[in-house]
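Visitor: Before we start, here is the structure in question, set down as structure tokens.
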Amino acid sequence: MLISRSAFELNATAAQLRNLDNINPPRTDPTRKSTLEVEPKRSGIDPSTGSKKSVEFERECDVLKARVFELEETLKDARDFIFSLRPRQQGLTETEAAEFFATLCGSIEEFVDRKLGDALEDKIVIKERKVALDPSDLLLSLIPKPGKEAFNYPETDGYNITAAILQFLCRTLFDLEFYCPFGDRETQLIASISNSMRTLLPRRDIITYRTWRSETYTAISSLHEFGQLREERARLLTEDLTSILQLFIPRAKSGLTTAVRSSIIEPAFALAHKMHLSVDCFNVTWSSFHDLKVDPRSSFSEDFKDVELVDLVSGRTIKDRTAGTPRYLFDLTPQLVFRKVKGDAYAEPKILKRSKILVSISKDGNDHFRERREEGTPTVLGWLDTKIREYHARRGGRR
């Protein structure tokens, strides 16, 4: 009974093994199928279709790689092109800037004295009684409140005109982002790249941005097209300034134009070019009294450290307080201020060239400025200002 049962179990086991072999044959059996091959059929995916998509992905990847490489090469070419345009040059030093600026201011003072001195003293414009409206309006717009208050006081015309010329240069050159505006295409390019530089992550420090700016402006200003823009700009500014100065010497236009270009415009262009291409910052600024009314200026007590005081009567620089008490009249020349870029910050401002301030001296209660005011002798600028005001009053307009 026991043997019979064992035989029966053996036969049953053998049958199970045969069924298992049929379901999962040995690896050596050629009829055996891999589960990896069976699974796609169960999921309904055609193996050939997956293979095709893989090939397509590889091709797209190759195309993208080629495009990236092409863009990298284009960027490199553009960078090499920009830097190939940049002439090798040394940055503007503090000493050079101070010397150039002092020379420019001195040249303007000498120009006014030499070209306009006799005409102002003889009051030619008053004698001829001819006024050009637009140049007069432009000139008077360049003179701040303190300068206009001095119109009633003799011997201030030359100083006021000197200051007006420097104000003209500040507004048209020194105060601009770049002294000679570019064309529309260059302006849009610089604005776009500048905006991108400012929003880059991680954020770039100030010296990186200022260096990029210097290199870009240097490259663009080296193009032939920029030379044409610069020449046209210089011509227009020369014409404007000549028209102002010709108010006082009406019959000297030809020689005056040449003198204005060579003595004022070209030196100013050269200085502005160097200043605006510098990584460090150079600024031309007026004193804090420049646009103030009378009452705040009554407390004028500047020391001699940051300003140069010029006596109205003698025209000389006041060396110490023994000469008397200075009374502020108006700024004669602005100051040149330097700020060095250090990493992500600017160093403290440093005055390279002090501003000149015209003052009258009061000693022992005797104020020459007040005494001469009582004489009531008008200046040329005072007469011109009156005529222009009368003209606009008749026309019902405002300046």
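The values are calculated or read from the model by the stated rules, or taken from the named source; none is laboratory data. All values reported here derive from a predicted model rather than from experimental measurement. Cβ atoms come from the backbone with ideal geometry, glycine included; neighbour counts cover every protein chain shown. Accessible surface areas use protein heavy atoms only, side chains included; no ligands, DNA or RNA. Shrake-Rupley method; radii C 1.70, N 1.55, O 1.52, S 1.80 Å.
Visitor: Can you give the extra length, in nm with one decimal, that the chain gains between Lys130 and Ala393 once fully stretched, where that is 0.36 nm per residue apart less the Cα-Cα distance? Intermediate results must be reported in sequence, preceding the final value.
Guide: Values: separation 263, 0.36 × 263 = 94.68 nm, distance 1.79 nm.
Net length gain for the segment: 92.9 nm.
Visitor: While we're looking at this one, here's another question. If I stretch the segment between Thr258 and Thr93 completely, what's the gain in nm (0.36 nm per residue apart, minus their alpha carbon distance), one decimal?
Guide: Values: separation 165, 0.36 × 165 = 59.40 nm, distance 3.00 nm.
Taking Thr258 through Thr93 to full extension adds about 56.4 nm, to one decimal.
Visitor: To the nearest 0.05, how large is the calculated FRET efficiency for Gln188 and Arg316 if R₀ is 51 Å and r is the Cβ-Cβ distance?
Guide: Values: r = 52 Å, r/R0 = 1.01.
Plugging the Cβ-Cβ distance into 1/(1 + (r/R0)^6) gives 0.50.
Visitor: Then there is this: Rounded to the nearest 0.05, what FRET efficiency do Thr103 and Glu231 give with R0 = 22 Å and r taken as the Cβ-Cβ distance? Could you check?
Guide: Numbers: r = 23 Å, r/R0 = 1.03.
My answer for the efficiency is 0.45.
Visitor: Next question, about the same structure. In whole angstrom, how far apart do the alpha carbon centroids of the range 322-352 and the range 192-234 sit?
Guide: Cα centroid of the range 322-352 versus Cα centroid of the range 192-234: 27 Å apart.
Visitor: On average, how much accessible surface per residue is there in the range 86-144, in Å², for a 1.4 Å probe, leaving out ligands, DNA and RNA?
Guide: On the way: 3410 Å² over 59 residues.
In whole numbers, the range 86-144 has 58 Å² accessible per residue.
Visitor: Still on this structure, please answer the following. Specify the inter-centroid distance of the range 102-132 and the range 252-293, based on alpha-carbon positions, in whole Å.
Guide: Distance between centres, Cα-based: 18 Å.
Visitor: Loop-only GluC sites (Glu not before Pro) in the range 153-195, please: DSSP not H, G, I, E or B, and at most 11 other Cβ atoms within 10 Å.
Guide: Values: sites: Glu155, Glu177, Glu186; in loops: Glu155, Glu177.
Counting only loop positions with at most 11 other Cβ atoms within 10 Å, the GluC sites (Glu not before Pro) in the range 153-195 are Glu177.
Visitor: Along the Cα→Cβ direction, 7 angstrom out, place labels at Ser54 and Phe69. What is the inter-label distance in nm?
Guide: Using points 7 Å along Cα→Cβ, the separation is 2.4 nm.
Visitor: Follow-up question, since we're still on this one. What FRET efficiency, computed as 1/(1 + (r/R0)^6) with R0 = 30 Å and r the Cβ-Cβ distance, is obtained for Thr325 and Ser288, rounded to the nearest 0.05?
Guide: Working: r = 19 Å, r/R0 = 0.64.
FRET efficiency, Thr325 to Ser288: 0.95.
Visitor: A further question on this structure: Rounding to the nearest 20 debye, state how big the charge dipole of the range 132-259 is about its Cα centre with +1 on each Lys and Arg Cβ and -1 on each Asp and Glu Cβ. Mind dumping the intermediate values first?
Guide: Working: 14 positive and 16 negative charges, 76 e Å.
My answer is approximately 360 debye.
Visitor: If you stretched the chain out fully between Ala270 and Tyr346, how much longer would it get, using 0.36 nm times the residue separation minus the C-alpha to C-alpha distance?
Guide: Details: separation 76, 0.36 × 76 = 27.36 nm, distance 2.48 nm.
Result for the pair: 24.9 nm of gain on full extension.
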